[in-house]
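Here's the structure we're looking at; comments come further down.
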Amino acid sequence: MNAISKIAANDLPLLSVRQLDKSFGARTACRNINFDLWPGEVLAVVGESGAGKSTLLRCLCGDQQPDLGQVLFTRRDGSISDLYDIPEPERRILMRTDWGIIHQNPRDGLRFGVSAGANVGERLMAIGARNYAEIRRTAAIWLERLEIDVARMDELPFTFSGGMQQRLQIARNLVTQPRLVFMDEPTGGLDVSVQAKLLDLLRSLVGELGLAAVIVTHDLAVARLLADRLMVMQGGAVVELGLTDQVLDDPQHPYSQLLVSSVLQI
Amino acid sequence: MTAGYNFAYLDEQTKRMIRRAILKAVAIPGYQVPFGSREMPLPYGWGTGGIQVTASIIGSDDVLKVIDQGADDTTNAISIRRFFAKTAGVATTTRTADATIIQTRHRIPETPLRAGQIVVFQVPIPEPLRWLEPRESETRQMHAYADYAIMHVKLYEDIARYGHIATTYDYPVIVNERYLMRPSPIPKFDNPKLDMNPALMLFGAGREKRIYAVPPYTIVKSLDFEDHPFSIETWDTSCALCGATNAFLDEVITDDHGGKMFVCSDSDHCAERKEKAA
């Protein structure tokens, strides 16, 4: 119900994907993908390895141009643009301000050669912040928000635990207050208790900030906890798309049924 | 001039190619122009880029000065000066005011330059973004889009670690309010001299095969933060030889018992001051 009330408040989708195709030679990674993402909505993409989830995410976040189809997004001023029609400098600015990308491996999303504070401050400097004290103050606020000890602000990320690195990556992305965040397996590679904590944090942040998010995961529990809607992919195509609870409690497609029934019960 | 060499060592076609690169570099201040760097009779890191730039701009009526670490009497400076005396038969000098071309490593002379003079810098690593971005394809895009945020990350990191901007040489600058440039390993003391200088500044990197330029009277701004503004080095002492208080000083160890003295790094400037005082 939560998702629906949000939709009513904003009548334009934040992101619209139309007939997106991407193949690598003869291998099709994504086939005819269509969906809308609304402001404040969290969409989870699930499916087995090789289903095209990560390729789809790369196409959405501007990393990889699709062969066919459109990725339309609504700007803050309400105008709609195709992500791959705008000039690249503009796309880069967009990705650093309005959007965020959280990688599965913190090494892909963080700069390991500079301190945690610099990692968080980088986006601020990219959009023109030139006051050291100001940058530091903002960075400290976000570190605190992500439950990273501010005393460790000047330490290098490799001295952090895996969970902390992942939280640092999230802080680095949220510092410019994006409206849309892409996450590729944000809890992959973390042990279960850290996973639970991170999920809890993510859930409260998404709620507080009104973030829209696309989360790629193969963990249905993550989807259940975070997502408003769920998209099931198989062999590059979307086989089922619906409200998370609906898809998980009453899967219609045989592959979704298989996926749901394969979850280990304790 | 020694027979058997073309004027200034390089063949005419090569000089022509380098001149074209230089023209392009002057047209786009701070932009790194690729060029077909030749093998020179000295090792990479000793000034192969600078020597090629000098060879392609020098004429028989030019007067050449070469400095290394500010001094005219260091090995590298002497051998490059002798190289051009031999292959181009040009006059050489140690006096900044008399020179038309000054090839340098590490310093810009203390004596103010005038219009018509050309300073040729030897550059080891031309790419200012290389420290954080190893991919050339990516750094080229960053230059194209003036996407220079990570340079400030470096300065941020300096302040976070040391309490002040600890970069003291090769201090990054923005040329003509557009291109980020590495001013070769000159001390940041010399950065203000780059700004609105009447002389033409050419930068040659032989191993990296890049030429870039700061034309006369170009705005060159050193990067900084509002609350940590750019500042140059200062010393508590004056030059032990000439008493200069506003020159870049080198610390020279004089014995094994901790004895040391501070002297001007620009040997010509120091000698001139001593002459005047005498």
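The values are calculated or read from the model by the stated rules, or taken from the named source; none is laboratory data. None of the values given here were measured: they were computed from a predicted structure. Here the Cβ is made from the backbone with ideal geometry for all residues, glycine too, and neighbour counts use every protein chain on show. Heads up: the accessible areas ignore ligands, DNA and RNA and are worked out on the full protein's heavy atoms, side chains in. Shrake-Rupley method; radii C 1.70, N 1.55, O 1.52, S 1.80 Å.
Peptide B:224-231 has a mean shielding of 3, counted as Cβ atoms of other protein chains within 10 Å of each residue's Cβ. A:Ser193 exposes around 80 Å² of accessible area when a 1.4 Å probe is run over every protein chain in place. Residues B:Trp235, A:Trp142 ordered from highest to lowest accessible area at a 1.4 Å probe: B:Trp235, A:Trp142.
About its Cα centre, chain A has a charge dipole of approximately 600 debye under the convention of +1 per Lys or Arg Cβ and -1 per Asp or Glu Cβ, with nothing else charged.
Any idea of the accessible area per residue across the stretch B:180-262, 1.4 Å probe, to the nearest Å²? Display every interim value, and only then the final one.
Values: 3860 Å² over 83 residues.
Solvent-accessible surface per residue comes out at 47 Å².
Each Cα pair of the stretch A:110-202 feeds into the Kirkwood radius, which the Stokes-Einstein equation turns, at 4 °C and 1.567 mPa s, into a diffusion coefficient of 96 µm²/s. In the assembled protein chains, A:Leu68 presents an accessible area of approximately 110 Å² (probe radius 1.4 Å). Our note on the geometry: Cα centres of the stretch A:167-225 and the stretch B:140-176, 31 Å apart. The order of B:Tyr5, B:Tyr212 by accessible area, most exposed first and with a 1.4 Å probe, is B:Tyr5, B:Tyr212. Between chain A and chain B, the total buried accessible area stands at approximately 1900 Å², from heavy atoms with a 1.4 Å probe.
Which semi-axes, in whole Å and largest first, does the equivalent ellipsoid of the protein assembly as shown have when worked out from the alpha carbon gyration tensor as the square roots of 5 times its eigenvalues?
On the way: eigenvalues 675, 140, 69 Å².
For the protein assembly as shown, the ellipsoid semi-axes come out as 58, 26, 19 Å.
Just for the protein assembly as shown, what percent of DSSP beta bridges are antiparallel, to the closest 5?
Working: 43 of 76 bridges.
The antiparallel proportion sits near 55 percent.
Peptide A:131-139 shows a mean partner chain C-beta count of 4 within 10 Å per residue C-beta.
Taking the 1.4 Å solvent-accessible surface of the protein assembly as shown as the whole, the part contributed by carbon and sulfur is 51%. When the helices of chain B are scored as -39500 (n - 2.57) per DSSP H run of n ≥ 4 and the total is divided over every residue, the value at 222 nm lands at -8500 deg cm²/dmol. List for the stretch A:94-118: residues with 40 Å² or greater reduction in accessible area, all protein chains versus chain alone, probe 1.4 Å? Those are A:Arg111, A:Val114, which lose 40 Å² or more relative to the chain on its own. Shown are B:Ile219, A:Ile127, B:Ile102, whose ranking by accessible area with a 1.4 Å probe and every protein chain present, most to least, is A:Ile127, B:Ile219, B:Ile102. Restricting everything to alpha-carbon atoms, can you work out Rg to Rh for the stretch B:109-171 with a Kirkwood hydrodynamic radius? Ratio of gyration radius to Kirkwood radius: 1.08. Pairs spanning more than 18 Å between alpha-carbon atoms, out of B:Lys15/B:Lys209; B:Lys188/B:Lys276; B:Lys24/B:Lys209: B:Lys188/B:Lys276.
Rank by packing, highest mean first: peptides B:10-22, B:150-162, with packing defined as the count of other Cβ atoms within 10 Å averaged across residues. The partial results should precede the final answer.
Values: B:10-22: 16.9, B:150-162: 19.9.
Output ranking for B:10-22, B:150-162: B:150-162, B:10-22.
Looking at the stretch A:66-120, which trypsin sites (Lys or Arg not before Pro) are DSSP coil and have at most 16 other C-beta atoms within 10 Å of their C-beta? Present the calculation step by step, with values, prior to reporting the outcome.
Details: sites: A:Arg75, A:Arg76, A:Arg91, A:Arg92, A:Arg96, A:Arg107, A:Arg111; in loops: A:Arg75, A:Arg76, A:Arg111.
Here the trypsin sites (Lys or Arg not before Pro) that fit, given the DSSP loop and packing criteria, are A:Arg75, A:Arg76.
Between the stretch B:223-274 and the stretch B:56-100, the alpha-carbon centres lie 24 Å apart.
Annotation for the stretch A:51-133: chymotrypsin sites (Phe, Trp or Tyr not before Pro) lying in DSSP loop with at most 14 further Cβ atoms inside 10 Å of their Cβ are A:Phe112. By DSSP, the beta bridges lying fully in chain B are antiparallel in about 60 percent of cases.
Solvent exposure of the stretch A:143-234 amounts to 38 Å² per residue of accessible area, where only protein heavy atoms count and the probe is 1.4 Å. Placing dummy labels 7 Å off each Cα toward the beta-carbon, the span from B:Glu226 to A:Ser161 is 3.8 nm. Convex hull volume of the C-alpha atoms in chain A, normalised per residue: 136 Å³. For chain A, the membrane-span-like helix rule (DSSP H, alpha carbon extent of at least 15 Å along the helix axis, mean Kyte-Doolittle at least 0.0) picks out A:116-126, A:192-209; this says nothing about an actual membrane. Take the stretch A:74-140 with all the other protein chains still there, run a 1.4 Å probe, and you get 42 Å² of accessible area per residue. Comparing the full protein assembly with the isolated chain (1.4 Å probe, heavy atoms, ligands and nucleic acids excluded), the residues of the stretch B:108-157 losing at least 20 square angstrom of accessible area are B:Leu132, B:Gln141, B:Tyr145, B:Asp147, B:Ala149, B:Ile150, B:His152, B:Val153, B:Tyr156, B:Glu157. Interface residues of the stretch A:147-172, defined as those losing at least 30 Å² of solvent-accessible heavy-atom surface relative to the isolated chain (probe radius 1.4 Å), are listed as A:Asp154.
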